[in-house]
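A.B. asks: Supplied in structure tokens, the structure appears directly below.
The values are calculated or read from the model by the stated rules, or taken from the named source; none is laboratory data. The shown structure was predicted, so the numbers you read here are calculated from the model rather than taken from an experiment. In this analysis, Cβ positions are derived from the backbone assuming ideal geometry, glycine residues included, and neighbour counts consider all displayed protein chains.
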Amino acid sequence: MQLIDSTLDELTLIVDIGKSHAKLLMVDTDGSVVERHERDNASVQSTLGYLALDLYGLEAWIAKTLSQSRNTARCGHAITSTHGAAIVALADDGLAWEPLDYEFDCFAQHPLIAQLFDNLVDDFEHTLSPDLPAGLNAARQLFYMEYLQPNAWLRTRCLLPYPQYWAWRMCGQIASEVSSLGCHTHLWQPQSGSFSSLAKGKGWDVLFAPLRSAWEVLGTVSPAVVVAWGLPMHCKVFVGAHDSNACLARYLSSITKDQSASSQALTVVSSGTWTVLMAPGAPTTSLKVTEKMLANVDILGRVTPTARFMGGRDFALLLDGARSDAGSLQIIQRLVDLGVFAMPSLAGNKVSKNITDDSLDVCVIQHGQHLQQSLSSTLASAERATLAAMYCALHTAWLVKKLWQGNTLVNRPVIVEGPLAKNTLYLAILQALLPEYKCLSSTDTLEGTARGAWLLCRWQAKANVQFLQTVPRNEIPYLNTYCNKWLALL
């Protein structure tokens, strides 16, 4: 085996597995991407008949991609971030059973089992985790396996959150980590920092691997991975984290767990299909489960009040073919005159019939009536683009204020990541709606999840690479009029 000069180990391998896409990135010590690969990610049918995560397909792709790259031998660090609501079970000889995909509706055909689960689950006030559909509460997946796949369940010797499964595949060492355990799982009590009563009562808590911090080195790559993937044998494997929390971590890299929440108050708005607002330090008393609010747990183990709405999907529906940058501040008066408002849909009067969760969809109201025809036949392109930016800014500002209800700190930062960070109209409206806050947009060309994972490998050195731009403050005519009418319609 050829030995690699350790002076060349300046690259960090980031394995970033999202629900729809998986990425491999090699990032240098300056934070620049040297190499990047992507693959679609979809569920597969398990041998037991349920939808499962495509572990085997992903690993085959990772091994093939890395073994063919000359840069793989330069990777001295490796770390994984993944989507939440995913648990992998190990047996004595590898996988105990294929991990469930959270889109699999565990109890669709088993109402009595569903009722039994509901009777045992902790109250929201303890887990700060709402009841979510299908398998989005990871405890449902474990309950399904134990009760409806008992032979497979009997093989279970150890449970790993999804990021730590990949760390185990790379180095052979097991660990759990709080950001995945605390991601609307029903398995964790964020305020006490311990497993839920459900997890303890079922004996699942003792099956989970020991807790380690996301930035800890778990081990070095195994000989098998050296051969199959091409990583150098002294490549350090880090514990890894849940993807949204990796994104948040980039803004926590100078924070210690003992610092007061108020001194570090901020809100990170991560935009994509979902617009997720994470507010470390905000009061948990403000959380309302009926308004799609919950608490995650950050990599420091702190309760992280969170709110979310389907901003990306709603934005696209409202554009209805218009360019995202076609809107302008001048159009706001036109929307006021037209009496047009985009609202969270609570009664099924939806722009699109393809979305089944009414409370997460958007409806358009004109002069008090639900608009039935297509937006493109009613509003011009500039009006639709302005309406889309206005809706997302109003919804974001409304949730920011709800998360921080009763806590006023002047110039508290609100940091926007993702596609909305590039929409100047959205940013201008958001800052005007939040005059007591300081809005900033990320200009980083590397997505927040990957940047956060890269920083976790440098946590002890407190590397803090940020690309933030202050959003200018402007007086926007007619905005208050529009906002007050929007709030009255909620």
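A.B. asks: Only one residue in GLY301, GLY311 is under 30 Å from LEU379 (Cα atoms), in contact (Cβ under 8 Å) with a residue 60 or more places away in the chain and small (Gly, Ala, Ser), so which one is that?
C.D. replies: Exactly one residue qualifies, and that residue is GLY311.
A.B. asks: Filter the range 63-76 down to residues that are out of contact with any helix residue (DSSP H, G or I) (no Cβ under 7 Å at 6 or more places or on another chain) and buried (at least 23 other Cβ atoms within 10 Å of the Cβ), then give me how many there are.
C.D. replies: Number satisfying all stated conditions: 1.
A.B. asks: Can you say whether GLN191 is surrounded by fewer than 17 Cβ atoms within 10 Å (Cβ to Cβ) and at negative phi, as far as the supplied structure shows?
C.D. replies: Working: surrounded by fewer than 17 Cβ atoms within 10 Å (Cβ to Cβ): yes; at negative phi: yes.
So GLN191 fits the description; yes.
A.B. asks: Has the range 167-183 got any residue that is under 24 Å from LEU456 (Cα atoms), part of a strand (DSSP E or B) and within 17 Å of the chain's Cα centre (by Cα)? Break it down into steps so the answer makes sense when it comes.
C.D. replies: Taking the range 167-183 first, the residues under 24 Å from LEU456 (Cα atoms) are 167-183.
Right, trim to part of a strand (DSSP E or B) and you get 176.
Filter once more, so that each one left must be within 17 Å of the chain's Cα centre (by Cα): none.
So far as the range 167-183 goes, no, none of its residues is under 24 Å from LEU456 (Cα atoms), part of a strand (DSSP E or B) and within 17 Å of the chain's Cα centre (by Cα).
A.B. asks: Would you pick out the residues in the range 99-127 that are under 17 Å from SER194 (Cα atoms) and without any contact (Cβ under 8 Å) to a residue 24 or more places away in the chain?
C.D. replies: ASP123, GLU125
A.B. asks: Checking LEU379 against (1) in a helix (DSSP H, G or I); (2) modelled with pLDDT of 90 or more: exactly one of these is not met. Which one?
C.D. replies: Evaluating LEU379 over (1) in a helix (DSSP H, G or I); (2) modelled with pLDDT of 90 or more leaves (1) as the failure.
A.B. asks: How many residues does the range 106-132 contain that are of a type outside the set (A, V, I, L, M, F, W, C), more than 28 Å from VAL303 (Cα to Cα) and surrounded by 15 or more Cβ atoms within 10 Å (Cβ to Cβ)?
C.D. replies: 1
A.B. asks: Related question: Output the residues belonging to the range 212-226 that are in a helix (DSSP H, G or I) and either in contact with an Asp or Glu (Cβ under 7 Å, 6 or more places away or on another chain) or exposed (fewer than 15 other Cβ atoms within 10 Å of the Cβ) (or both).
C.D. replies: Hits for the range 212-226 are PRO223, ALA224.
A.B. asks: Going through LEU468, LEU427 one at a time, which residue ends up being aliphatic (A, V, I, L, M), surrounded by 13 or more Cβ atoms within 10 Å (Cβ to Cβ) and within 30 Å of ASP28 (Cα to Cα)? Before the answer, list the steps.
C.D. replies: Values: LEU427 fails: within 30 Å of ASP28 (Cα to Cα).
Going through LEU468, LEU427 in turn, the sole match is LEU468.
A.B. asks: Condition check: in the same structural domain as MET278 (by TED's automatic domain parsing), surrounded by 14 or more Cβ atoms within 10 Å (Cβ to Cβ), within 19 Å of the chain's Cα centre (by Cα) and hydrophobic (A, V, I, L, M, F, W, C). Does LEU440 satisfy that?
C.D. replies: Taking the combined requirement at face value, the residue does not satisfy it.
A.B. asks: Select from the range 190-211 the residues that are part of a loop (DSSP other than H, G, I, E, B), within 27 Å of THR449 (Cβ to Cβ) and touching a residue at least 40 places away in the same chain (Cβ under 8 Å) and list them in ascending order. I'd like the intermediate steps shown before the answer.
C.D. replies: So in the range 190-211, the residues part of a loop (DSSP other than H, G, I, E, B) come out as 190-193, 196, 203-207, 209-210.
Those left that are additionally within 27 Å of THR449 (Cβ to Cβ): 190-191, 193, 196, 209-210.
Passing the criteria: PRO190, GLN191, GLY193, SER196, ALA209.
A.B. asks: Taking into account only those residues within the range 12-41 that are within 22 Å of VAL217 (Cα to Cα) and of a type in the set (Asp, Glu), which is surrounded by the fewest Cβ atoms within 10 Å (Cβ to Cβ)?
C.D. replies: Applying the filter and picking the extreme gives ASP30.
A.B. asks: When you look at TYR50, is it touching a Gly at 6+ places or on another chain (Cβ under 8 Å), among the aromatic types (Phe, Trp, Tyr) and modelled with pLDDT of 95 or more, yes or no?
C.D. replies: Working: touching a Gly at 6+ places or on another chain (Cβ under 8 Å): no; among the aromatic types (Phe, Trp, Tyr): yes; modelled with pLDDT of 95 or more: yes.
For TYR50, the condition - touching a Gly at 6+ places or on another chain (Cβ under 8 Å), among the aromatic types (Phe, Trp, Tyr) and modelled with pLDDT of 95 or more - is not met.
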